[in-house]
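Asker: Before we start, here is the structure in question, set down as structure tokens.
The values are calculated or read from the model by the stated rules, or taken from the named source; none is laboratory data. Keep in mind it's a predicted model, so treat the numbers as computed, not measured. Positions of Cβ are backbone-derived with ideal geometry, glycine not excepted, and every protein chain shown enters the neighbour counts.
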Amino acid sequence: MRTVQNPRLPFFGAQRLAAFLALVVFGLSGCATKPPASDPDALADYEQTNDPLEPTNRVFYAINNGLDTVILRPAALAYRYVVPGPVRQGVHNVLANIGSPVQLANDVLEGKPRRAGDTTMRFLINTTAGVLGIFDVATKWGYKDHDADFGMTLALWGVPEGPFLFLPVLGPSDPRDAAGFGAGILLDPFTWIGTGPNHPGWSAFTWSRFGLNAIDARERVLDSLDQIKKTALDPYATFRSLYRQHRHAQIEELRNDNRATVPNWFPQPTKAPAQ
């Protein structure tokens, strides 16, 4: 299931965001120095964890876990208790539909025309027949959803993931995905439309979207995260492993999606019978 792109954060100016991207790509990537082959034990540990910043990462994990315990998880529980399941699904669909322009931009940058076509059709169908995206009509009509973000785009371009990072508020990541998060903000048209002090309504929309994204995402993983925290001997290491597995699976699926541009339902030439 596609992760909905985060809305812009109003405190990110263009210059600050550029500095953030430069720090992530050039500063943090230097922390991942691969051990030489002459040290097989160190090399095996590197390949398994690639977490040279683990002490710092664990501090941020503890902070994030505290914030989640006090704020985000109770909010997600209240959201699940008060809002019926079909309504929550409609909210999720609307948030995903709003993120379609960023998804489409990444489909194009990845050189995946069929994915770009699916995203375009999904946006048009769900915005109209799906009543502004509340109902996912496009999936029923054969246009399935897919994952797309700039971190995946960078991976397809050959940018290495770098060391594991546990970022404040954002959670599990790596330099490539952190840079992709910042680029996703730049690609989002809602970053640039209606900005400025004369648009207080737009700021309310931005923060409402940000809050709904956070609560929606947290509610959808309530049970699985509770189970991990109850049963895992080291939840931090478990989250690190699951994050990497999930991202690698997303990127592998992207690489292997080499469907022809012509849709399957387009009339195909009839092959002559073998003689």
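Asker: Anything in the stretch 202-222 that is exposed (fewer than 14 other Cβ atoms within 10 Å of the Cβ) and under 18 Å from Pro86 (Cα atoms)? List them, or say none.
Answerer: Matches in the stretch 202-222: Val221 only.
Asker: On to the next question. Need the failing condition index for Leu233 against (1) of a type in the set (A, V, I, L, M, F, W, C); (2) in contact (Cβ under 8 Å) with a residue 60 or more places away in the chain; (3) more than 23 Å from Arg115 (Cβ to Cβ), just the number.
Answerer: All conditions pass for Leu233, except number (2).
Asker: Is it the case that some residue within the stretch 233-256 is surrounded by 11 or more Cβ atoms within 10 Å (Cβ to Cβ), among the acidic types (Asp, Glu) and in contact with a helix residue (DSSP H, G or I) (Cβ under 9 Å, 6 or more places away or on another chain)? Can you show your working first?
Answerer: Start the filter on the stretch 233-256 by keeping residues that are surrounded by 11 or more Cβ atoms within 10 Å (Cβ to Cβ), which leaves 235-244, 246-255.
This time we only want the ones that are among the acidic types (Asp, Glu), so: 252-253.
Pick out the ones that are also in contact with a helix residue (DSSP H, G or I) (Cβ under 9 Å, 6 or more places away or on another chain) and you get none.
The answer is no; no qualifying residue exists.
Asker: Given the structure, is Leu77 touching a residue at least 24 places away in the same chain (Cβ under 8 Å), within 27 Å of Leu165 (Cα to Cα) and more than 21 Å from the chain's Cα centre (by Cα)? If you could, list the steps in order and put the result at the bottom.
Answerer: Working: touching a residue at least 24 places away in the same chain (Cβ under 8 Å): yes; within 27 Å of Leu165 (Cα to Cα): no; more than 21 Å from the chain's Cα centre (by Cα): yes.
Spelling it out, it is not the case that Leu77 is touching a residue at least 24 places away in the same chain (Cβ under 8 Å), within 27 Å of Leu165 (Cα to Cα) and more than 21 Å from the chain's Cα centre (by Cα).
Asker: Another question about this same structure. So, Gly171, is that one at positive phi, surrounded by fewer than 21 Cβ atoms within 10 Å (Cβ to Cβ) and in contact (Cβ under 8 Å) with a residue 60 or more places away in the chain or not?
Answerer: Details: at positive phi: yes; surrounded by fewer than 21 Cβ atoms within 10 Å (Cβ to Cβ): yes; in contact (Cβ under 8 Å) with a residue 60 or more places away in the chain: yes.
Answer is yes for this residue.
Asker: Among Val59, Val83, which is surrounded by fewer than 17 Cβ atoms within 10 Å (Cβ to Cβ), under 16 Å from Thr238 (Cα atoms) and at pLDDT 95 or above? Outline the logic, then answer.
Answerer: On the way: Val83 fails: under 16 Å from Thr238 (Cα atoms).
It is Val59.
Asker: Among the residues of the stretch 60-88, how many are closer than 28 Å to Asp188 by Cβ and hydroxyl-bearing (Ser, Thr, Tyr)?
Answerer: Final tally of qualifying residues: 2.
Asker: Then there's this: Under the condition of being small (Gly, Ala, Ser) and outside any helix (DSSP H, G or I), which residue from the stretch 89-132 is farthest from Thr191 (Cα to Cα)?
Answerer: Of all residues in the stretch 89-132, those small (Gly, Ala, Ser) come to 90, 96, 99-100, 105, 111, 116-117, 129-130.
Remaining after also requiring outside any helix (DSSP H, G or I): 99, 111, 129-130.
Numbers: Gly99: 12, Gly111: 24, Ala129: 27, Gly130: 25 Å.
Applying the filter and picking the extreme gives Ala129.
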